[in-house]
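Colleague: Supplied in structure tokens, the structure appears directly below.
The values are calculated or read from the model by the stated rules, or taken from the named source; none is laboratory data. Keep in mind that what you see is a predicted model, and the values were worked out from it rather than measured. Because the Cβ atoms are built from the backbone with ideal geometry, glycine has one as well, and the counts that use them run over all protein chains shown.
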Amino acid sequence: MLTMSKEPDILLEDVSFVYQGSEQPALDGINLRIKPGEIVMLSGPAGAGKTTLCQMLNGLVPHFFRGTMKGTVEVQGNNTAQHTIAFLSHRVGLLFQDPASQLIAPTVNEEIAFGAENYGVPREEIFERVDRFRKLVRLDQYAESSPHRLSGGEQQACGIAAVMAMDPDIYVLDEPTSNLDPIGSQRVLDLITQMVREEKKTMLIVEHKMEEMLPIVDRLIILNEGKIILEGTPRELLHNVQTMEQIGLKPPQVALLASRIDSNRIGSDLPLTLDEGIKAFKPLLKKGDGEPNRIGSKKTVKVGEEIIRTEKLWHVYEEGSVQALRGVDVSVKAGEFVGLIGQNGSGKTTLVKHFNGLLRPTYGDIWVMGDNTQDKTIAQLSTQIGYVFQNPDFQICCQSVKDELEFGPKNLKLHEEEIDRRRDEVAEIFGFDKRYDEKPFSLSKGERQQLAVASVLAMRPEVLIVDEPTTGQDFKTGKEMMDFYRRLNEGGKTIIIITHDMNLAAEYCNRIVVLRKGRILMDGPVREVYSQSETLARSFLRPPQITRFGQAMKDYGLPIDALNVDEMFDYVSKSLGGS
């Protein structure tokens, strides 16, 4: 139940903002009131203005990020233009979209304690907060580790704990779970929401994960091109499913399925949750013979010879304190599209960094194209194995887009004509051909991700590894990137992706390898792996919502291995005699 108050915790009146050096407004005529105790979800496509709005609430815009601002922004009655960032940050706990950019302490414990220490919280209370929130985000074993040596998801969890330990009145979280595994993501969201409700806090959360968020928020606001285009309760906005999809958002799969069924059968309100979806469809379907249906294998994938193989691969970090890989045996064949999944810290990134020599085995061997990597340099391996980091900023090193695209080919000592040819080829694919003079770090995070991919492809590797391929992308642009990887795969290139997005892996991968605590938990065709929900849960994973819907409805003749809404709709439609 919301705390009612005449004065909003967050108030924006006719707010517009244009960044210095830009002509297009990042925000354009925003009017917004958020009451004390309210939980509001902010969503929209990449570049809609979500991060700008968040950074206004603790004064980073316009005090740090300069530009022309119009209108009024108030936090608990304080005009942000008239107060310092330090003053505002005591009231607004902001988690950045890129958590690594705000981690500064030498250990996880000190990182979580940092904000509370600066606000003069008593020592014993700081210790209690650090212990409580470190456990909440599953970082107990890393208490004395450097946050900069954590995986991307673990860094995100550390950032969340640090914000919570400050105990602000208002939480502003910019995509707080984008790098977290599915079950860990749900747990963190549930616990944050519970704490916010119990302590009557206010929360504005930027997320694309509507499946997880819609059941727990009071209001949903959708931005596009700097303007609010939709606003209301989650149930109200589900009536605009088509509009959401058109601007690159993905409503819950059970809602999408229900939206395609005759409303006279399904009712006016679309289901928000899996349980609601089950309840809505059970009366419409007849029970089957008890045998679960299966869709079966995806189309046969033509693969070639083995090109990567690990044998009893171990990797130990920090002088034996962290066993990241524990005897991993895995192989990859030419032409495969492999999804590497697992809970945060399961060893996914550590494993693929061995393929191109960025890491060397503590024990065991890796074979690439028939050669042991111990006999190859990183430079030699980079011509065969292309690797795109989870954080593109870790591999961007040049002062212009043009130089970045030329960097790899130049290091291969290619002729100038070939360098130009490769640069122009990848630039045209990603739309950088008219942006050669731009500085890479002036691009959005999603564009930097695309630049990192383009610069790797300019070296023409036989295998492309992409760590979290949709980082910084909304659903629409993420799909465009994945469609591009699919075309590369269909052209013969081997693709390996590391992802926490189970829907994405279901849609594009032919094979799934699941890691848990540095070991292979499962390895097989995507439908086979996703049909084993209980085993996946051991690695804090769960299949897509539509797959779980079919598994829950198996007694009603629905398939237990459907991977998307289209596949499930075909079965439901037949059961209903057409819809």
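Colleague: Hey, does the stretch 54-70 have a residue that's at positive phi and either touching a Leu at 6+ places or on another chain (Cβ under 7 Å) or surrounded by 19 or more Cβ atoms within 10 Å (Cβ to Cβ) (or both)?
Modeller: yes
Colleague: Do any helices (runs of 4 or more DSSP H) lying entirely in the stretch 327-418 carry at least 2 residues that are in contact with a helix residue (DSSP H, G or I) (Cβ under 9 Å, 6 or more places away or on another chain) and within 30 Å of Glu438 (Cβ to Cβ), and which ones are they?
Modeller: Counting at least 2 such residues, we get 378-382, 401-411.
Colleague: Within the stretch 266-279, is even one residue part of a helix (DSSP H, G or I), without any contact (Cβ under 8 Å) to a residue 40 or more places away in the chain and among the polar types (S, T, N, Q)?
Modeller: No; the residues of the stretch 266-279 include none that is part of a helix (DSSP H, G or I), without any contact (Cβ under 8 Å) to a residue 40 or more places away in the chain and among the polar types (S, T, N, Q).
Colleague: Which condition from (1) within 26 Å of Thr243 (Cβ to Cβ); (2) modelled with pLDDT of 95 or more is the one that Pro543 breaks?
Modeller: (1)
Colleague: Do we have any residue at all in the stretch 484-505 that's on the phi > 0 side of the Ramachandran plot and in contact with a His (Cβ under 9 Å, 6 or more places away or on another chain)?
Modeller: no
Colleague: Then there is this: Among the candidates Met41, Met56, Met1, which residue alone is modelled with pLDDT under 95 and under 29 Å from Lys209 (Cβ atoms)?
Modeller: Met1
Colleague: Just wondering, is there one or more residues in the stretch 154-162 that are among the polar types (S, T, N, Q), closer than 21 Å to Val92 by Cβ and not in a helix (DSSP H, G or I)?
Modeller: Scanning the stretch 154-162, I find no residue that is among the polar types (S, T, N, Q), closer than 21 Å to Val92 by Cβ and not in a helix (DSSP H, G or I), so the answer is no.
Colleague: Those residues that are under 20 Å from the mean Cα position of the chain (by Cα) and part of a helix (DSSP H, G or I), I need them from the stretch 441-453; list them, please.
Modeller: Lys445, Gly446, Glu447, Arg448, Gln449, Gln450, Leu451, Ala452, Val453 - these are the residues of the stretch 441-453 that are under 20 Å from the mean Cα position of the chain (by Cα) and part of a helix (DSSP H, G or I).
Colleague: In contact (Cβ under 8 Å) with a residue 24 or more places away in the chain, part of a strand (DSSP E or B), touching a strand residue (DSSP E or B) at 6+ places or on another chain (Cβ under 7 Å) and under 21 Å from Lys201 (Cβ atoms) - does that describe any residue in the stretch 48-65?
Modeller: No, that holds for no residue.
Colleague: A further question follows. If I filter the stretch 513-535 for residues that are under 27 Å from Ile307 (Cα atoms), hydrophobic (A, V, I, L, M, F, W, C), touching a residue at least 40 places away in the same chain (Cβ under 8 Å) and surrounded by fewer than 21 Cβ atoms within 10 Å (Cβ to Cβ), do I get at least one hit?
Modeller: Yes, the conditions are met somewhere in the stretch 513-535.
Colleague: Confirm whether Ile396 is in contact with an Asp or Glu (Cβ under 7 Å, 6 or more places away or on another chain), of a type outside the set (Lys, Arg) and either farther than 30 Å from Arg149 by Cα or surrounded by fewer than 17 Cβ atoms within 10 Å (Cβ to Cβ) (or both).
Modeller: No.
Colleague: On to the next question. Any idea which residue in the stretch 242-260 is nearest to Asp570 (Cα to Cα), counting only those that are in a loop (DSSP other than H, G, I, E, B), modelled with pLDDT of 80 or more and in contact with a Phe, Trp or Tyr (Cβ under 8 Å, 6 or more places away or on another chain)?
Modeller: Arg260
Colleague: Okay, next question. Which one is nearest to the chain's Cα centre (by Cα), of the residues in the stretch 523-571 that are in the same structural domain as Lys282 (by TED's automatic domain parsing) and among the β-branched types (Val, Ile, Thr)?
Modeller: Val565
Colleague: Another question, if that's okay. Of the residues Lys302, Lys279, Lys286, which is touching a Pro at 6+ places or on another chain (Cβ under 8 Å), farther than 30 Å from Tyr142 by Cβ and not assigned by TED's automatic domain parsing to the domain that holds Arg235?
Modeller: Lys279
Colleague: Would you point out the residue of the stretch 406-428, among those that are of a type in the set (A, V, I, L, M) and over 19 Å from Pro469 (Cβ atoms), that is surrounded by the fewest Cβ atoms within 10 Å (Cβ to Cβ)?
Modeller: Among them, the one singled out is Leu412.
Colleague: Sort through Asn78, Asn109 and tell me the only one that's closer than 23 Å to Leu42 by Cβ and surrounded by fewer than 23 Cβ atoms within 10 Å (Cβ to Cβ).
Modeller: Result: Asn78 is the single residue among Asn78, Asn109 that is closer than 23 Å to Leu42 by Cβ and surrounded by fewer than 23 Cβ atoms within 10 Å (Cβ to Cβ).
Colleague: For the stretch 358-407, name all the residues that are closer than 29 Å to Glu318 by Cβ and without any contact (Cβ under 8 Å) to a residue 24 or more places away in the chain.
Modeller: Arg360, Asn372, Thr373, Gln374, Asp375, Lys376, Thr377, Ile378, Gln380, Phe394, Cys397, listed by residue number.
Colleague: For Phe484, work out the one condition from (1) surrounded by fewer than 16 Cβ atoms within 10 Å (Cβ to Cβ); (2) hydrophobic (A, V, I, L, M, F, W, C); (3) under 27 Å from Leu351 (Cα atoms) it doesn't fulfil.
Modeller: Among (1) surrounded by fewer than 16 Cβ atoms within 10 Å (Cβ to Cβ); (2) hydrophobic (A, V, I, L, M, F, W, C); (3) under 27 Å from Leu351 (Cα atoms), the lone unmet condition for Phe484 is (1).
Colleague: Applying the selection to the stretch 296-320, what residues are at pLDDT 90 or above and either closer than 25 Å to Ala258 by Cα or in a loop (DSSP other than H, G, I, E, B) (or both)?
Modeller: The answer is Gly304, Glu305.
Colleague: So which residues in the stretch 176-198 are surrounded by 23 or more Cβ atoms within 10 Å (Cβ to Cβ) and farther than 17 Å from Met502 by Cβ, if there are any at all?
Modeller: Pro176, Ile192, listed by residue number.
Colleague: I want to confirm something. Restricting to the stretch 489-504 and keeping residues that are of a type in the set (A, V, I, L, M, F, W, C) and modelled with pLDDT of 95 or more, which single residue is farthest from Gly345 (Cα to Cα)?
Modeller: Residue satisfying both the conditions and the ranking: Ile495.
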